[in-house]
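Heads up: the structure comes next, in structure tokens.
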Amino acid sequence: MAIRKQAFRIGKLSEALDAGKVPLSPVVRAGDFVFVSGQPPVDQRTGKLIKGDVAAQTAQSLENVKLCLETAGSSLDQVVKCTVYITNAAYFATVNKVYARYFPRNRPARTFCVVGSWPIPFDIEIECIAIANAPPRTAAARRGKGRRPAGKIAGRARKA
């Protein structure tokens, strides 16, 4: 059986990528694995960068990772490897304090890399690899609505 690859769009996160002409998917599922691209601190509601201290930026980046994982059928407890990219090694303790809240037990492997800068002003980006443990969520399910019942198209019975 061939492994299937499925790329996902993630609302304002994908819109921000499109606006910046960044050619990537925020999250891809391949078989039983989920690959989350580096998530900068983009506000999920507005698509704008979160500015300010690195603790707030770290929390937003991890919220974005969490949303990507859940959309693709995984979760933070299924993460096997994270890579944290940061602009200043002095942020290590601050990042760890926030990171520990998102991974309180059974923590994934992690690499902490200091980078020069990005073409837009933010200090952190976090990517990960996780195990897929559920079917991908539909946009309707993410909004709290169920899927349409089988055999129905927009409220009408499907023709045979």
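Quick note: the coordinates plus some simple rules give every number you see, no bench work behind them. This one's a predicted model, so the numbers in the text were calculated from it and none came from an experiment. So basically every Cβ, Gly included, is an ideal-geometry build from the backbone, and we count neighbours across all protein chains shown.
In the elastic network of the chain, a GNM with C-alpha springs shorter than 10 Å, the most mobile of ILE120, ILE86, ILE129 is ILE120.
By DSSP, the beta bridges lying fully in the chain are antiparallel in about 80 percent of cases. Peptides 4-12, 110-118, 76-84 ranked from most to least packed give 76-84, 4-12, 110-118, packing being the mean of other C-beta atoms within 10 angstrom over each peptide's residues. Put a dot 7 Å past the Cα of ASN88, heading toward its Cβ, do the same for ARG9, and the two dots end up 3.7 nm apart.
Under a point-charge model restricted to the Cβ atoms of Lys and Arg (+1) and Asp and Glu (-1), what is the dipole moment magnitude of the range 5-138 relative to its Cα centre, in debye to the nearest 20? Each step should come with its number before you reach the end.
Details: 16 positive and 11 negative charges, 37 e Å.
Dipole about the Cα centre, nearest 20: 180 debye.
Taking 18 Å as the straight-line reach from the Cα of LYS12, the aspartates and glutamates in range (excluding those fewer than 8 positions away in the same chain) are ASP43, GLU63, GLU70, GLU125, GLU127. What are the ³J(HN,Hα) couplings of the range 47-52, residue after residue, when phi is run through the Karplus curve with 6.51, -1.76, 1.60 and θ = phi - 60°? Round to Hz, x for glycine and proline. Rounded to whole hertz, the list is x, 9, 5, 7, 10, x. Mean residue ellipticity, 222 nm, helices only, the chain: the sum of -39500 (n - 2.57) across DSSP H runs of n ≥ 4, divided by residue count and rounded to 500, is -8000 deg cm²/dmol. Take every pair of alpha-carbon atoms less than 8 Å apart whose residues are at least six positions apart; their mean separation over the length of the range 5-138 yields a relative contact order of 32 percent. List, in the order given, every pair from LYS48/LYS97; LYS21/LYS97; LYS5/LYS51 whose Cα-Cα distance in the structure shown is over 31 Å. Those over the limit are LYS21/LYS97; LYS5/LYS51.
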